[in-house]
Amino acid sequence: MGDAGYILFGPIGREVLAAGTVVFAIFAAGSELLSSQQALSTLSNQGMCSMYFVLICGAITLLISLPRTLDRLTWMGILSAFVITVSGIVAMIGAGVSPFPGRVINATISTNFYDAFLAVTNPVFAYAGHFISSS
């Protein structure tokens with residue numbers, strides 16, 4: 001992003017966009033640690049201090065990423081896609097086995113601008129950080 005900022009806005013643009021990329025990467029890593037900490041906390045029924053879970057997840061992430069090659073990143077991506085697929089299938093089965101009583105499924109509904117805007121921007125921002133995986 002820094003190179004694009006330099007082309008578009010000169011040296012100041014390079015520094016601003018490079019700093020933004022670093023901050024975004026830090027927050028993305030923090031988000032991953034937070035979600036893994038919450039998952040481990042839930043699975044253990046809050047049996048241990050949450051900071052220990054963050055340390056455990058951080059240590060595992062550090063060990064996996066130490067060689068700084070894309071070989072392990074490929075395997076982590078395959079594992080991630082598999083886990084997401086399995087969790088989606090489990091959620092669909094669970095929703096089919098015990099449906100919400102009295103639910104009505106509509107193909108289209110009327111909405112306001114706020115909800116429509118969120119429906120578009122949520123997936124955009126969810127996938128905006130995927131450039132971090134290749135760095």
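Okay, here's what the table says:
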item: Pairs where the first residue, in region 111-130, is surrounded by 10 or more Cβ atoms within 10 Å (Cβ to Cβ) and the second is modelled with pLDDT of 80 or more and not small (Gly, Ala, Ser), C-beta under 8 Å, 6+ apart; result: ALA119/THR111; GLY129/PHE24
item: One residue from GLN38, GLN46 being out of contact with any strand residue (DSSP E or B) (no Cβ under 9 Å at 6 or more places or on another chain), assigned to a helix (DSSP H, G or I) and not aromatic (Phe, Trp, Tyr); result: GLN38
item: SER80 being of a type in the set (Ser, Thr, Tyr) and in a helix (DSSP H, G or I); result: yes
item: Matching option when the condition is surrounded by 14 or more Cβ atoms within 10 Å (Cβ to Cβ) and either farther than 24 Å from ALA126 by Cβ or at pLDDT below 85 (or both), among ILE78, ILE56; result: ILE56
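Condition check ((1) more than 26 Å from ALA39 (Cβ to Cβ); (2) not hydrophobic (A, V, I, L, M, F, W, C)) across all residues:
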| position | (1), (2) |
| --- | --- |
| MET76 | no, no |
| MET92 | no, no |
| THR111 | yes, yes |
| ASP115 | yes, yes |
| ASN122 | no, yes |
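The values are calculated or read from the model by the stated rules, or taken from the named source; none is laboratory data. Note that the structure is predicted; figures quoted are calculated from it, not measured. Using ideal geometry, Cβ is built from the backbone for each residue, glycine included, and neighbour counts are taken over all protein chains shown.
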